[in-house]
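This report refers to the structure that appears directly beneath it.
The values are calculated or read from the model by the stated rules, or taken from the named source; none is laboratory data. What you are looking at is a predicted structure, and each value in this text was computed from that prediction instead of being measured. FYI the Cβ positions are ideal-geometry reconstructions off the backbone, even for glycines, and counts take in every protein chain you see. Heads up: the accessible areas ignore ligands, DNA and RNA and are worked out on the full protein's heavy atoms, side chains in. Shrake-Rupley method; radii C 1.70, N 1.55, O 1.52, S 1.80 Å.
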Amino acid sequence: MVQSEAKNDRSIDLFAVRSLLFLPASNPRAIAKATAAGADLVILDLEDAVKPDDKDSARKAAVEAVSTDWSMPVAIRVNGVGTEWHSLDIDAVARSRADFAVLPRAASAHLTHDFAEAVGKPVLAMIETAAGVLAAAEIGSASAGLIAGTNDLRADLCLPLDAGREPISTALQLILLAARAAGVAAFDGVFNNLEDGPSFHKEAEEGRRLGFDGKSLIHPNQIEPCHRAFAPSDAEVERAKALVDAFKGGAERFGNEMIERMHVEAAQRLLARANA
């Protein structure tokens, strides 16, 4: 399990992170409320959520915000490679006390590695393009975690605005495979409809069943249902405990199933997540 060294010399287990809350760095009220919102990780956004005229002030606000103590790890998402703000963002994030730097539209291991070297922090790479999906395995090796950028990915694939998850299901699985091959965490993309709680919870549960460690969020109201979706149920915990206790080594029967060491290891991971 890969852990990331962050500010204040604390070690952050990204595999225990269920919720990644994106907030505009240009919105001081949202940042102030985020400290008590309960997300596992907060991402202060300098990119899509910030108007061009507000980029400089948002950058300063993000650096100031992460200079204070937070109860959760905090990341800053920079503007993309090739934009006029990218190098300024790198300089600011490198000097900041952010725990992580988030790279949008990661397209290659080379650029991701160079970005990580420049900011001097663990990188969460967003896979948001066809090129990023195809290079995800290499990008994962240069990152602390991968985030599926589902909105940009749909746009890059020229999908209809109302396209659901099915057209990007292969991409999501490739992102997850890349993360697991690299031994890093993987996070599902955002859900856009803020008023449709049941559908959000359904998508979050689907993300967990696919194997994602957590999900990106765009509103604090999504935190609690996200945590419920990604937390093992009481029944899962009890079954995992019973399976671990029953295992004596080798292949054997557990109830109506045949189990072996791989099943025990999966049960132990589930219990570790429940405890976390």
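Table for the structure above
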read-out: Relative contact order (percent, whole number), the range 1-117, Cα cutoff 8 Å, 6+ residue spacing; value: 23 percent
read-out: For ARG105, residues with placed amide H under 5 Å, excluding near neighbours; value: MET126, GLU128
read-out: Percent antiparallel among DSSP beta bridges (both partners in the chain, rounded to 5); value: 15 percent
read-out: The chain, helix-only ellipticity at 222 nm - DSSP H runs n ≥ 4, -39,500 (n - 2.57), divided by all residues, nearest 500; value: -13000 deg cm²/dmol
read-out: Within the chain, longest stretch clear of exposed trypsin sites (Lys or Arg not before Pro) (DSSP loop, no more than 12 other Cβ within 10 Å); value: 11-247
read-out: In sequence order, calculated HN-Hα J values of the range 83-98 (Karplus, 6.51, -1.76, 1.60; Hz; x Gly/Pro); value: 7, 5, 9, 4, 5, 5, 5, 4, 4, 5, 5, 4, 8, 7, 9, 4
read-out: Greater than 30 Å apart at Cα, pairs in LYS215/LYS241; LYS33/LYS55; LYS121/LYS241; LYS55/LYS202; LYS202/LYS248; LYS121/LYS202; value: LYS121/LYS241; LYS55/LYS202; LYS202/LYS248; LYS121/LYS202
read-out: Rg in Å to one decimal, and Dmax rounded to a whole Å, for the range 1-127 via C-alpha atoms; value: 13.4, 41
read-out: Near-label residues of the range 206-236 by backbone N, under 19 Å of a point 7 Å along Cα→Cβ of GLU166; value: 206-207, 210
read-out: ARG269-SER141 FRET efficiency (beta carbon distance; Förster radius 22 Å; 0.05 resolution); value: 0.50
read-out: Cα gyration tensor shape for the range 124-243, rounded if a/c is under 1.5, else prolate or oblate; value: oblate
read-out: Pair LEU194, SER233: separation of 7 Å Cα→Cβ label points (nm); value: 3.1 nm
read-out: Two-site label geometry, SER67 and LEU134: point separation in nm, points 7 Å out along Cα→Cβ; value: 4.4 nm
read-out: Sequence-distant residues sharing a close amide H with ILE43 (under 5 Å, placed H); value: LEU21, PHE22, LEU23, ALA75
read-out: Whole-percent carbon and sulfur share, accessible surface of the chain, 1.4 Å; value: 52 percent
read-out: For the chain, accessible area per residue (1.4 Å probe, heavy atoms of protein chains only), Å²; value: 48 Å²
read-out: Lysines whose Cα lies under 20 Å from that of LYS51, excluding same-chain neighbours fewer than 8 positions away; value: LYS60
read-out: Projected label distance in nm at LEU88 and ALA181, using a 7 Å step from Cα toward the beta-carbon; value: 3.8 nm
read-out: Neighbour-limited loop hits for GluC sites (Glu not before Pro), the range 179-258 (at most 10 other Cβ within 10 Å; DSSP other than H, G, I, E, B); value: GLU195
read-out: Gap separating the Cα centres of the range 139-173 and the range 57-112, nearest whole Å; value: 21 Å
read-out: Volume in Å³ per residue [convex hull over Cα atoms, computed for the range 23-85]; value: 77 Å³
